[in-house]
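Working notes, beginning with the structure itself.
What follows draws every value from the coordinates through simple rules; no lab data is involved. From a predicted model like this one, the values you see are computed outputs, not experimental measurements. Every residue, glycine as well, gets a Cβ built from its backbone with ideal geometry; the counts of neighbours run over all protein chains shown.
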Amino acid sequence: MSLPEQKLAELAASIKAWGTELGFAEVRIADIDLASAEAGLQAWLDAGMHGEMDYMASHGLMRARPAELVPGTVRVITARMNYLPGAQDENWRERETARLNDPTQAVISVYARGRDYHKVLRARLQQLADRIRVAIGEFGFRVFTDSAPVMELPLAEKSGLGWRGKHTLLINRSAGSMFFMGEILVDLPLPVDEPTGAHCGQCQACIDVCPTQAILGPGKLDARRCISYLTIELKSSIPEELRPLIGNRVYGCDDCQTICPWNKFAQRATLPDFDERHALGSAGMIELFAWSEEEFNRHMEGSPIRRIGHERWLRNLAVGLGNAANMGARGDAAIVSALQARREHPSPLVREHVEWALAQHLGR
């Protein structure tokens with residue numbers, strides 16, 4: 001489709017307005033030249049820092065070439081949506097940090113306490129694409145939300161949604177980093193937005209706070225050591241030397257975000273989808289460890305947590321319960337009893353981590 005330059009400019013402005021109406025905090029536009037990101041991606045893959053995330057390597061450098069993924073693509077519409085639950089007050093970072101020292105608490109990454117963001121953003125992005133179609137007729141596009149080989153962070157950075165912090169996550173000056181991102185690849189030569197530039201300065205709080213030292217340097221993350229990877233992406237046993245460093249983080253890790261000074265500006269979600277479910281922001285490990293597979297599937301219906309399955313859920317909680325021994329609860333009768341109840345679990349993975357956890361409490 002060929003549109004005059006003025007019409008394209010008007011359409012770009014409309015797209016941004018429609019995006020706001022659909023619940024996005026910000027919508028911007030980038031070109032598709034990611035040549036500068038290719039070398040870094042290849043080096044990261046060659047070093048094996050993606051761990052068991054084979055999907056990161058399976059498409060090779062196609063990730064940096066949107067037009068190879070979706071032929072005809074010339075622009076990417078990038079969008080971000082805030083996810084910090086509306087009930088969180090201004091002291092949420094202090095409260096989240098304090099929970100890391102409570103041996104009874106199950107710390108679940110804030111983004112995972114509500115509805116699965118993939119479904120929410122994909123539906124809203126599709127609605128945005130539909131609005132464009134109504135305005136101009138048929139055009140080529142494809143919607144993505146962390147669901148295909150797209151380098152969304154470099155694209156978001158190019159479009160001006162923010163800059164990549166030293167922890168590799170995107171940071172926005174007015175909203176911190178507590179937001180989801182999605183993209184629409186389009187064949188429309190829309191005017192592009194300018195990047196914002198980086199504003200981390202000399203701060204390296206995120207590097208210093210990382211419990212497993214997964215951030216090797218500014219912008220360099222070894223996913224194999226990252227707690228989010230270990231508790232979500234890793235399908236096998238959690239390396240024994242890393243288990244004590246995980247603490248009570250049973251699904252994901254927000255440490256590098258809660259410490260970030262820019263997150264004092266984190267914005268609350270405008271959609272109820274990201275409201276906390278099943279009190280996951282204050283749940284205890286023993287309570288969650290007692291869930292049967294049926295209870296896990298029922299409680300986690302529509303949650304991003306469900307995709308790890310009950311087996312890995314128990315694996316993660318067993319590690320957390322074991323670490324309670326070094327958080328002031330060594331030999332706690334309720335914790336030991338909960339672990340012993342799972343000693344005969346049919347999964348070798350669960351049994352292995354339960355025995356490790358019991359050893360932390362009983363000294364075997």
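In segment 315-364, what GluC sites (Glu not before Pro) fall in a loop by DSSP, with at most 11 other Cβ atoms inside 10 Å?
Glu344
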Say the dipole of the chain comes from +1 at the beta carbon of Lys and Arg and -1 at that of Asp and Glu; which of Ala106, Leu125, Ala37 then lies farthest toward its positive end?
Ala106
Using the Cα centre of the chain as the reference point, and only Cβ charges (+1 on K/R, -1 on D/E), how large is the resulting charge dipole? Debye, rounded to the nearest 20.
260 debye
Using just the C-alpha positions of segment 263-364 as equal point scatterers, what log10 of I(q)/I(0) does the Debye formula give at each q in 0.13, 0.18 1/Å?
-0.53, -0.86
Within segment 249-313, report the GluC sites (Glu not before Pro) that DSSP leaves as loop and that have at most 13 other Cβ atoms within 10 Å.
Glu301
Take the Cα atoms of segment 196-273, find their three principal axes, and give me the spread along each one in whole Å, biggest first.
39, 36, 20
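Once fully extended, how much extra length lies between Glu52 and Glu68, figured as 0.36 nm per residue of separation less the alpha-carbon to alpha-carbon distance?
Details: separation 16, 0.36 × 16 = 5.76 nm, distance 2.48 nm.
Contour length minus Cα-Cα distance gives 3.3 nm.
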Taking only Cα atoms and a 10 Å spring cutoff, compute GNM fluctuations for the chain and point out the largest among Gln105, Gln202, Gln267.
Gln202
Under the 0.36 nm per residue contour assumption, what length would be gained going from the current alpha-carbon distance of Asp31 and Phe265 to full extension?
81.4 nm
Residue-wise HN-Hα coupling along segment 174-186, computed from phi with Karplus coefficients 6.51, -1.76, 1.60 (Hz; x: Gly, Pro)
9, 9, x, 10, 8, 8, 9, 10, x, 9, 10, 7, 10
What relative contact order, as a whole-number percentage, does segment 161-226 give when Cα pairs under 8 Å and 6 or more residues apart are counted?
41 percent
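Considering every pair of different Cα atoms, what Kirkwood radius, in Å, is found for the chain?
Details: mean 1/r = 0.0461 Å⁻¹.
Kirkwood hydrodynamic radius for the chain: 21.7 Å.
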Working from Cα positions, state the angle (0 to 90°, nearest 10) between the long axis of helix 117-136 and the longest principal axis of the chain.
10 degrees
Value of relative contact order over segment 275-364, rounded to a whole percent, pairs C-alpha under 8 Å and six or more apart:
30 percent
If you stretched the chain out fully between Asn297 and Glu38, how much longer would it get, using 0.36 nm times the residue separation minus the C-alpha to C-alpha distance?
89.3 nm
If the only charges are +1 at each Lys and Arg Cβ and -1 at each Asp and Glu Cβ, what is the size of the charge dipole of segment 220-282 around the Cα centre, to the nearest 20 debye?
120 debye
Report, by chain and number, residues whose modeled amide H sits under 5 Å from the one on Trp291, excluding near sequence neighbours (fewer than 5 apart, same chain).
none
Against the 2.2 N^0.38 Å rule of thumb, the C-alpha Rg of segment 252-301 sits at a ratio of 1.50
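Which of the GluC sites (Glu not before Pro) found in segment 88-148 are loop residues per DSSP with 16 or fewer other Cβ atoms within 10 Å of their Cβ?
Working: sites: Glu90, Glu94, Glu96, Glu138; in loops: Glu90, Glu138.
Here the sparse-neighbourhood loop sites are Glu90, Glu138.
Using R₀ = 45 Å, calculate the FRET efficiency as 1/(1 + (r/R₀)^6) where r is the Cβ-Cβ separation of Thr196 and Glu138; round to 0.05.
Step by step, r from the Cβ atoms, then E = 0.85.
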So which residue, out of Trp313, Trp163, Trp291, gets the largest mean-square fluctuation from a GNM of the chain using Cα contacts under 10 Å as springs?
Trp291
For the chain, percent of DSSP beta bridges that are antiparallel (nearest 5) comes out at 90 percent
Which value in nm describes the separation of the simple spin-label points at Ser347 and Gln127, placed 7 Å from the Cα toward the beta carbon?
3.5 nm
Over the chain, what is the relative contact order in whole percent, taking alpha-carbon pairs under 8 Å and six or more residues apart?
22 percent
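Mind putting a number on the dipole of segment 3-130 about its Cα centre? Charges go on the C-beta only, +1 for Lys and Arg and -1 for Asp and Glu, and I need it in Debye to the nearest 20. List each step's numbers first, then the result.
Numbers: 15 positive and 18 negative charges, 69 e Å.
For this selection, approximately 340 debye.
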Cysteines (scope the chain) whose Cβ has no counterpart Cys Cβ under 4.7 Å:
Cys200, Cys203, Cys210, Cys226, Cys253, Cys260
